[in-house]
Amino acid sequence: ASTLGAAAAQSGRYFGTAIAASRLNDSTYSTIAAREFNMITAENEMKPDATQPNQGQFNFSAGDQIYNWATQRGLKVRGHTLAWHAQQPGWMQNMQGSTLRNAMINHINGVMAHYKGKLAAWDVVNEAFNEDGSRRNSNLQGTGNDWIEVAFRTARAADPSAKLCYNDYNIENWSYGKTQGVYRMVQDFKSRGVPIDCVGLQTHFTGGSSLPGNFQTTLSSFAALGVDVALTEVDVTNASTSQYAGLTQACLNVPRCIGITVWGVRDSDSWRSNENPLLFDGGGNKKAAYTSVLNAL
Ligand code: XIL
């Protein structure tokens, strides 16, 4: 196959990218994105601050721009994200207690109703753990330790067709405290019937040439709990070809690793643009890392 999406499809997987609505009329950008990828995540446009800027007033204009652009080209869309400590609208930031709990539930219901039946998956909860595997302190955590399961139960009822994912960074190394904390939560949810279908590993790698310890074991261990896994926001310092090939191979080696998404198209589009972490350079040319991924797929 000659594109990332087609190559991933050979094994039933997808290859995706994050898209920024503001860049869609850049034809270099949109041409590469539509050619190479078959799964799209909105980089910011479906986050709480974008979708409910004022309490009770939902705004889907930018999210829909990305959704429509993608689906008109036959590309699928992942939803990102519903409950997160960051990128909350101002009105939500100082809320607490039952007021915030109800606002979270209303937000999930409002956004998921709009996209009901349309999205492949939702990152229901994003980045809820500390590095040591304990829960991150946030206004959401302050509403009670059960906030995550309430978010997932609300999401399942709101759109039974969307796969429901927990998404986080620094959960790639199997020996790491945060990985173990998320693992224990998924194990607990599965044992108690809390609806969860997938774990998203953001996969923001920061240099070196080898993968975080036992990366593939992390993928297979989550999968063994009965969830799919996906690499949801991949970028790698200086686009190390060995790390890009290795993370691709690790996903291919795990049957329930369903796809890989890179967090942007060109280096110049990246939130880490000074690290040149993506598969296309600022001119839209394929980098060595692109070839290493394509060959591994
Ligand atoms: C980042 C975007 O790329 C930036 O444009 C924005 O300013 C901040 O958020 N983890 C996530 C993503 O789950 O939503 C973040 O995206 C990167 C880290």
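No lab work stands behind these numbers, since they all come straight from the coordinates. These numbers were taken from a predicted model, which means no experiment stands behind them. Glycine also receives a Cβ, built like all others from the backbone with ideal geometry; neighbour counts cover every protein chain displayed.
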(message) Mean-square fluctuation check for the chain, GNM, Cα pairs under 10 Å: which of Tyr176, Tyr166, Tyr67 is largest?
(response) Tyr176
(request) Scan around Tyr14 for amide H atoms under 5 Å from its own, H built in the peptide plane at 1.01 Å from N, and keep only partners 5 or more places away or cross-chain. (result) Gly259, Ile260
(message) 5 Å is the cut-off here: which amide hydrogens, built 1.01 Å from N in the peptide plane, fall below it relative to His204, excluding neighbours closer than 5 in sequence?
(response) Asn170, Asp235
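Taking the Cβ of Gly264 as the center, what net charge do the other residues with Cβ under 15 Å away carry, scoring Lys and Arg +1 and Asp and Glu -1?
On the way: positive: Arg23, Arg78, Arg266, Arg272, Lys286, Lys287; negative: Asp26, Glu36, Glu43, Glu45, Glu233, Asp235, Asp267, Asp269, Glu275, Asp281.
Here the count lands on -4.
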(message) More than 35 angstrom separation, counting every C-alpha pair in the chain; what % is that?
(response) 13 percent
(request) Based on a Kirkwood Rh over C-alpha pairs, give the Stokes-Einstein translational diffusion coefficient of the range 207-281 at 4 °C and viscosity 1.567 mPa s in µm²/s. (result) 101 µm²/s
(request) Let me have the relative contact order for the range 71-141, percent, based on Cα pairs under 8 Å that are six or more residues apart. (result) 52 percent
(message) Per residue of the range 197-213, what does 6.51 cos²θ - 1.76 cosθ + 1.60 with θ = phi - 60° give for ³J(HN,Hα)? Whole Hz please, x for Gly and Pro, Karplus curve as stated.
(response) 10, 7, 10, x, 9, 4, 6, 8, 8, 10, x, x, 10, 9, 7, x, x
(message) Among Phe15, Phe58, Phe222, which one shows the highest mean-square fluctuation when the chain is modelled as a Gaussian network with alpha-carbon springs under 10 Å?
(response) Phe58
(request) Once you've got the GNM for the chain with C-alpha springs shorter than 10 Å, pick whichever of Arg78, Arg136, Arg256 has the biggest mean-square fluctuation. (result) Arg136
(message) Under the rule of at least 5 residues apart or a separate chain, name every residue whose amide H is placed under 5 Å from the amide H of Arg135.
(response) Asn130
(message) With θ taken as phi - 60° and the coefficients 6.51, -1.76 and 1.60, list the Karplus ³J(HN,Hα) couplings across the range 38-45 in order, rounded to whole Hz; mark glycine and proline as x.
(response) 10, 9, 10, 10, 6, 5, 9, 6
(message) Checking the a/c ratio against 1.5 first, then a/b against b/c, what shape does the Cα gyration tensor give for the range 1-54?
(response) oblate
(request) May I ask you to compute the full-extension gain from Gln65 to Ala157, defined as 0.36 nm times their residue separation minus their alpha-carbon distance, rounded to one decimal in nm? (result) 30.5 nm
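Let me check I've understood the local charge: for Gly282, count other residues with C-beta under 9 angstrom from its C-beta, Lys and Arg +1, Asp and Glu -1. What total comes out? Don't skip to the answer; put the middle values down first.
Details: positive: Arg266; negative: Asp267, Asp269, Asp281.
Value of the local net charge: -2.
For Met46, what is the net charge nearby, where nearby means another residue's Cβ is under 12 Å from its Cβ and Lys, Arg count +1, Asp, Glu -1? All intermediate terms of the calculation are to be shown ahead of the outcome.
Numbers: positive: Lys47, Arg78, Lys118; negative: Glu43, Glu45, Asp49, Asp64, Asp123.
Result for the neighbourhood of Met46: -2.
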(request) Determine which lysines satisfy two conditions relative to Lys116: a Cα distance under 26 Å, and not lying fewer than 8 residues away in the same chain. (result) Lys47, Lys76, Lys163, Lys190
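Which value results for Rg/Rh of the range 61-109 when Rg is the Cα radius of gyration and Rh the Kirkwood radius based on the inverse mean 1/r?
Working: Rg = 14.3 Å, Rh = 12.8 Å.
For the range 61-109, the value is 1.12.
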(request) For the range 124-186, just the Cα atoms, rotate onto the principal axes and tell me the three extents in Å, largest first. (result) 35, 25, 16
(message) Only bridges whose two residues both fall in the range 107-248 count here: according to DSSP, what percent of them are antiparallel, nearest 5?
(response) 5 percent
(request) Consider all pairwise Cα distances in the range 47-150 and report the whole-number % of them above 18 Å. (result) 48 percent
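Which of the DSSP-defined H helices in the chain satisfy a minimum axial length of 20 Å, computed from C-alpha atoms, and a minimum mean Kyte-Doolittle hydropathy of -0.5? Before the final figure, lay out the partial values.
On the way: long enough: 97-114 (26 Å, 0.04); 177-192 (23 Å, -1.11).
Result, helices passing both filters: 97-114.
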(request) Quickly estimate the mean residue ellipticity at 222 nm for the chain, helices only: each DSSP H run with n ≥ 4 gives -39500 (n - 2.57), and the total goes over all residues, rounded to 500. (result) -11500 deg cm²/dmol
